[in-house]
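Report on the structure given below.
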Number of protein chains: 2
Amino acid sequence: MLPSVKLDLSGERFTVVYRARYDGTDPWEVARHIAVEQTVEFPADLVPEGDIRDHVVGRIEAMEVVDERHVDVTVSYAVEITSFELPQLLNVVYGNISMRAGVRVVRLDVSERLLTAFRGPRFGRDGLRDLLGVPDRPLLCTAIKPMGLSSRELADLAYRFALGGIDIVKDDHGLTDQPFAPFAERVPRCAEAVARANRETGRRCLYVPNVTAPFEKMLERAQLAKAVGAGGLLVAPGIIGFDAMRRLADDALGLPVMSHPAFLGSLIALPEHGIAPAVLFGQIARLAGADAVVFANHGGRFAFRREDCDGIVRQALAPMGPIKPSLPTAGGGMTLETVGEVCRSYGPDIVVLVGGGLHQAGPDLVESCRAFHRCVSEALASPSA
Amino acid sequence: MLPSVKLDLSGERFTVVYRARYDGTDPWEVARHIAVEQTVEFPADLVPEGDIRDHVVGRIEAMEVVDERHVDVTVSYAVEITSFELPQLLNVVYGNISMRAGVRVVRLDVSERLLTAFRGPRFGRDGLRDLLGVPDRPLLCTAIKPMGLSSRELADLAYRFALGGIDIVKDDHGLTDQPFAPFAERVPRCAEAVARANRETGRRCLYVPNVTAPFEKMLERAQLAKAVGAGGLLVAPGIIGFDAMRRLADDALGLPVMSHPAFLGSLIALPEHGIAPAVLFGQIARLAGADAVVFANHGGRFAFRREDCDGIVRQALAPMGPIKPSLPTAGGGMTLETVGEVCRSYGPDIVVLVGGGLHQAGPDLVESCRAFHRCVSEALASPSA
């Protein structure tokens, strides 16, 4: 037997609510599994007495029957077990238990002290609005693509988007460092093209290149982006980790960060598993520093449901101690026809991302961007339409 | 309309087989969605003519009906679109399409040229066996835990495990930099404890600390681990990204890397979605440099099925161009009772990971490790039992 242990713990705990399938068996089995698996991962009867058993093992705080197949289990954890580091926080919330089918994180309540370990978005909603000089309307966003165009052609697209009044022109998330448009060539050209358009319009469109990159190249690319006048950084935390995004947001670069959902889909696609979109995009991405967080709007090509999207928007903007709100960014198959509905359902604190839809709207991209603006203005003018 | 584009492509392509649910609708719809989504993400009718349309867009190479609800779609991609970088390879294979429910990667055929972009495991199966001086039997692995023990207590466990003949003593993946056993204190003590046991036994047990860490601290911790004589590095690529693992494996540190499955569960837990375990653990983790790759054995606490595990073991050891084989590592609720079955079903090229089960086997851990050895020897002596 291991000896009894006395630890110096603050007593502060944070909680996670898991919706767990129990299929008519004992719901306490799955609750106990979660509490042990996410902490000591040790035979329950052999856990040392004292503070490990009493405080380090997850504590089942509540158990609520949802329906005959599901329970909501609230588990609290001592803040110290996270090391106050994002990777270990993610591990405690959903590391090993992700391998058990039918356990979904539906709520995360990060305690005050734990929140102070994270800076969250450097700019957030208000900072991003200040950078853009757009105090209160929905922000317009698009992406330069398709992959395969040259840096010059992509820069030309960026120029026309900025000229037409788009607020945020981002790289398609598939543009990295391909030989046909290498990062070190594409990013300076696009940044210059957007700056030129800004001089002509008097607006402050931001060009946001993709810095989802190999470990040793990410900061290098971010620094290059900053040096040539990019206005933000796009990153896919599903691919290179939420903590890499935090690093970009913490960096003295001082650029806003936009989170892209690629490779995160398995966490949200199936309603009985993974992490609720409101938690993943509205809380975790925000803790990890996303000033704007892209999700795929419902009714598009993907598995997001209306309540998922409502939850993301609500949670990204909800109070969260000292952590600034992120701007939710609705994309994924949006067209000029659906822009109005998006603005009306989510309200003004939204980034509307229309990608291919702008090309579908007609051959004159500058004019299509203006039409995009009109769709937003009309939606604001008739909010109940 | 965008202009026709001529690109300088090699013509080499790699292929991914997706098992897609089509529910009685047109299976070509999902096939076309994948091919477009994973590449140009652009309205198909507006994709520029020439090489983007002909070569950059994913090419549907085959379509095979699996049953009345599923098809296997083989899509090939030009190697250039990966930038020959792991993050973008992952994005092409499963980035956005992860957000469509019911699409699973079931096979990945990386082309020769693309394989040469990755070094894979530095040691691999044979290198790890050389380090340990164990040419042909299954390797014995355990973890120091539970979280909450002090560095001294964890080091004492590591010493006893090494004394009892364990080959690989790893940190529990939940041990990071908690105040009760900080990395900079725990790792030197455990490394020293294992070295001391090695001097007594004449064996070469490896201590493998967990370096799943914030972006800016990962390499620092790996370097500290190396400096104090650790024998390998444990990392959870689901948390900090597969490319972070590649960075550790590529590093001049020259330590073997062990991959832990935490936070990857959503990719494998549900049979209609995600990435087949054989591909995720047997190919992607291997491309990303894992010398040993931990998975949870079937029949334990998690969602792995027998065929999943068989697939991981087969694929981790299968020929893959210049990439060395990884050693599959079966864990997740193993006890001394199940060790024999594991050895018999997977054969000698396996790492058997018994964690809490060693504590359950009795109060004398050194003796339990010896019993673990006997279980392995007996299984080898009676392979058909």
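The values are calculated or read from the model by the stated rules, or taken from the named source; none is laboratory data. All figures in this text were calculated on a predicted structure; none of them were measured in a lab. Note that we place each Cβ from the backbone using ideal geometry, even for glycine, and neighbour counts take in every protein chain shown. Calculation scope for accessible area: heavy atoms of the full protein, side chains included, ligands and nucleic acids excluded. Shrake-Rupley method; radii C 1.70, N 1.55, O 1.52, S 1.80 Å.
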Next on the checklist: Could you work out how much longer the chain between B:ASP45 and B:VAL66 gets when fully extended? Use 0.36 nm per residue separation minus the Cα distance between them, nm to one decimal.
Outcome noted: 4.6 nm
Checklist entry - Copy-to-copy spacing for A:ARG199, label 7 Å out on the Cα-to-C-beta vector, in nm, shortest first? => result 7.1
Checklist entry - Percent relative contact order of chain A, based on C-alpha pairs within less than 8 angstrom and at least six residues apart? => result 16 percent
Item to check | Karplus-derived 3J(HN,Hα), 6.51/-1.76/1.60, for each residue of region A:33-50, Hz, glycine and proline x | outcome: 4, 4, 4, 7, 4, 7, 10, 7, 6, 8, x, 4, 6, 9, 4, x, 5, x
Next on the checklist: Tell me the relative contact order for region B:196-327 as a rounded percent, counting alpha carbon contacts under 8 Å between residues six or more apart.
Outcome noted: 19 percent
Checklist outcome for this item: Note, region B:185-195: 3J(HN,Hα) by Karplus (6.51, -1.76, 1.60, θ = phi - 60°), whole Hz, Gly/Pro = x, goes 9, 5, 5, x, 5, 5, 4, 5, 5, 5, 4
Item to check | Number of partner chain Cβ atoms within 10 Å, mean per residue of A:88-94 | outcome: 6
Item to check | Exercise: per-residue mean of other protein chain Cβ atoms within 10 Å, B:212-224 | outcome: 4
Checklist entry - If you project the alpha carbons of region A:316-385 onto the principal axes, what extent comes out on each, in Å, largest first? => result 47, 25, 18
Item to check | Shape box of region A:245-341 [Cα atoms, principal axes, largest first, Å] | outcome: 38, 33, 26
Item to check | Efficiency of FRET between A:SER377 and A:ARG152 - r from beta-carbon atoms, R0 51 angstrom, step 0.05 | outcome: 0.95
Item to check | the protein assembly as shown: antiparallel DSSP beta bridges as a percent of all, rounded to 5 | outcome: 45 percent
Checklist entry - How big is D, in µm² s⁻¹, for chain B by Stokes-Einstein at 25 °C and 0.890 mPa s if Rh is the Kirkwood radius over C-alpha pairs? => result 112 µm²/s
Next on the checklist: Check which residues have an amide H placed less than 5 Å from A:ARG107's amide H, if you skip close sequence neighbours.
Outcome noted: A:VAL17
Checklist outcome for this item: Simple SL model, points at 7 angstrom along Cα→Cβ for B:ARG314 and A:ASP136; separation in nm is 6.4 nm
Checklist entry - For region A:92-211, what are the per-bin percents of Cα-Cα distances with bins 10 Å wide, up to the bin holding the maximum? => result 12, 31, 23, 20, 13, 1
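Rounded to the nearest 0.05, what FRET efficiency do B:GLU29 and A:TRP28 give with R0 = 41 Å and r taken as the Cβ-Cβ distance? Could you check?
That gives a FRET efficiency of 0.40.
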Next on the checklist: Just want to confirm a number: the relative contact order over region B:170-214, from Cα pairs under 8 angstrom separated by 6+ residues, in percent.
Outcome noted: 54 percent
Checklist outcome for this item: Cα-based Rg/(2.2 N^0.38 Å) for the protein assembly as shown, rounded to two decimals, is 0.94
Next on the checklist: Rolling a 1.4 Å sphere over the protein heavy atoms, what is the accessible area per residue of chain A, to the nearest Å²?
Outcome noted: 33 Å²
Item to check | Considering only chain B, percent of DSSP beta bridges that pair antiparallel, nearest 5 | outcome: 45 percent
Checklist outcome for this item: Within 10 Å of the Cβ of an average residue in A:298-311, the count of other chain Cβ atoms is 2
Item to check | Scattering profile of region A:160-203 at q = 0.23 Å⁻¹ [log10 I(q)/I(0), Debye over alpha-carbon scatterers] | outcome: -0.79
Next on the checklist: Distances in nm, one decimal, shortest first, from A:VAL65 to the same residue in every other copy, taking the label point 7 angstrom along Cα→Cβ.
Outcome noted: 4.4
Next on the checklist: Could you derive backbone 3J(HN,Hα) for region A:200-205 from the dihedral phi with the Karplus parameters 6.51, -1.76 and 1.60 (θ = phi - 60°), listing whole Hz in sequence and x where the residue is Gly or Pro?
Outcome noted: 6, 8, x, 8, 10, 4
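Considering all projection directions equally, how large on average is the shadow of the alpha-carbon convex hull of region A:165-287, in square nanometres?
Over every viewing direction, the Cα hull of region A:165-287 projects on average to 8.3 nm².
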Item to check | Ascending list, in nanometres, of distances separating the B:ARG107 label from those of the other copies (7 Å, Cα toward Cβ) | outcome: 4.6
Checklist entry - Looking at the square roots a ≥ b ≥ c of the eigenvalues of the Cα gyration tensor of region A:1-133, which shape do they give, rounded for a/c under 1.5, prolate if a/b is larger than b/c, or oblate? => result oblate
Checklist entry - A:VAL66's amide H: which non-local residues (gap 5+, or another chain) put their own amide H closer than 5 Å, with H modeled 1.01 Å from N in plane and none for Pro or chain starts? => result A:VAL71, A:ASP72
Item to check | Centre separation in Å (Cα based) which lies between region A:44-105 and region B:113-149 | outcome: 30 Å
